[in-house]
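The values are calculated or read from the model by the stated rules, or taken from the named source; none is laboratory data. All values derive from a computational prediction rather than experimental measurement. When we count neighbours, we look across all protein chains shown, and the Cβ atoms used for this are built from the backbone with ideal geometry, even at glycine.
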Amino acid sequence: MQLLPGRRLRIAIVGGGIGGLTCAATLRDCTDIEIDLFEAAAKFTAIGAGIVTWPRTWAVFEALGLNKEMLEKMKRLDSVEEGFPAWEFRLSDAQKGKKVHELYYENATPTNLHRQQLLDFLLEHLPPHCQVHFGHRLVSCHEYEDARGFGVELRFRNGVVRDKYDLVIGADGLKSVVRQAVIARESGLGVLPEEKVYTQGDGVERLGEDGQCEVGKRNDILFTGQSAFRGLVPREKLAALHPNHRVLRTSTIYCGKSKHVVMYPINKGQIVNIVAFFADSQSGSPVILETAGSSSPQNNRVPTEAVVGMYPGWEDEVVDVLKMLENATIWPIFDLQPLKTYVTPRIALLGDAAHSMSPHLGAGACTAIEDAYILGSLISKARLTTPKDVKSVLDVYNSLRQPYGNEIMRWAREMGEYYEFDSPDVQVEVEECTKSKLVDEVNEEQLAVFRKGAEKYWSWPVREAGTIGEKLLGEPAEVSSVFCRI
């Protein structure tokens, strides 16, 4: 890599989650650039428990050279056993449930990991030239073109101001502050003067006429109308009551009207991860973040009886597992307005900052990992000598990731509607007053549509689209130009 004239290239990565750490690890050989990684928390901590990975994700791990022996051991211990489906789908809102579909992949075995495991692996490969700054919660991201020249300024809640970044990578999740700078520029506001910059505290803030922050709405973040209970059950606890319970071996999605429960084994099969969804309001409303739920699990605890009470009359194999939950938490499920671009001339978004999606395809973390690797690879291989070169690389990244990220975000939302038979394609009306159940109301024609939808949406793990090896046809001229220089 060549450098901007007279000084080293300066990159800031905002967010120390899986996406941010993957991007930093991809830049491990770029010893001639300065990398600052800013994390709001006091240490690296994974939010959530289980993550399902696929061969397309392992291709990134292998390209990064992540401890191959340990990764192979994890794959052997945590992969779905041969002969078992990747997923089983059931109608479960009655005492006698019904299997709807089984999903198999040829040569594409999923591997269920604990998020902290993956975070620990990535931390081992954090490059020494990446300086980590904990306790830095971003409150504004200001891209400027003024007397100072060209650059990006970051302001943090602790009072720290860092300036003159050539590139800022927003990996700061659903409530991304960096995203606001991208939206402002794309919406025609251009480079905002500082007094107009939107910032984020606990909610959304902007500087008012008196110079004080005002809390407002985030129109880029939408509430899906769903919430989810999350929790873990030890294998031995479940096996003691149900030694042959299907989720000890098979990842299962239990479907009901406007509700569904996902269960699958993680951590070498020693833990069952549980996510139980329910619809509790109309979807599509803008979010006021200060009332949108905490990012701290300790603040979202739910008594076990409240979880069980949400699924009355469901088949025993669901209810019995829910009764075993301890320290369950509740989380609202959000979606994003699709972004028209993930970049500006000096800012790039990845992961949830770019395309935060509902978890119904388990694609969020894997997509973030691919975003991060592709962006990091473009940066590390390109010859960046001017700000225009930075923009060219980001334009290439955007052409590769924005169409795919928006598509998989839409697919995840639509698959969630299928699970709960709320999709226009498989709409089933269940009358509460008669206590009828989905399993009694759904017909074979609707089940056939469900199966076809499951096969379509769950094809994402084996599609070439979005992978690091994707072959592009009809690439824009700027894509070809940059790759010629890589």
Answer yes if at least one residue in the range 158-175 is of a type in the set (K, R) and either part of a helix (DSSP H, G or I) or crowded, with 21+ Cβ neighbours inside 10 Å (or both), and no otherwise. yes
Condition set at pLDDT below 95 and in contact with a Lys or Arg (Cβ under 8 Å, 6 or more places away or on another chain), scope the range 361-387, selection surrounded by the most Cβ atoms within 10 Å (Cβ to Cβ): answer is A365
Restrict the check to the range 307-325 and report whether at least one residue is within 27 Å of N244 (Cβ to Cβ) and assigned to a strand (DSSP E or B). no
Quick one: in the range 88-97, of everything that is surrounded by 17 or more Cβ atoms within 10 Å (Cβ to Cβ) and not small (G, A, S), which residue is farthest from A448 (Cα to Cα)? D93
Scope the range 87-118; condition modelled with pLDDT of 85 or more and assigned to a loop (DSSP other than H, G, I, E, B); matching residues: S92, D93, A94, Q95, K96, G97, Y104, Y105
Out of F150, F121, report the one residue that is assigned to a strand (DSSP E or B) and on the phi < 0 side of the Ramachandran plot. F150
Check off (1) outside any strand (DSSP E or B); (2) modelled with pLDDT of 80 or more; (3) of a type in the set (V, I, T) for V191 and give me the number that stays unchecked. (2)
Give the residues of the range 379-431 that are over 30 Å from E444 (Cα atoms), touching a strand residue (DSSP E or B) at 6+ places or on another chain (Cβ under 8 Å) and not in a helix (DSSP H, G or I), sorted by residue number. L384
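Looking at Y404, Y373, which is the one that is within 20 Å of A25 (Cα to Cα) and aromatic (F, W, Y)?
Within the list Y404, Y373, the selection yields Y373.
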Residue list for the range 439-454, filter: under 24 Å from Y311 (Cβ atoms) and assigned to a helix (DSSP H, G or I): V439, D440, E441, Q446, L447, F450, R451, G453, A454
Looking only at the range 203-254, count every residue that is at pLDDT 90 or above and not charged (D, E, K, R) and tell me the total. 24
Pairs, please: C-beta under 7 Å, at least 6 apart or cross-chain, first residue under 10 Å from E88 (Cα atoms) and in the range 248-263, second of a type in the set (D, E, K, R)? T250/E88; T252/E88; T252/R90; T252/R246; Y254/R90
State yes or no: is E315 at pLDDT 95 or above and acidic (D, E)? yes
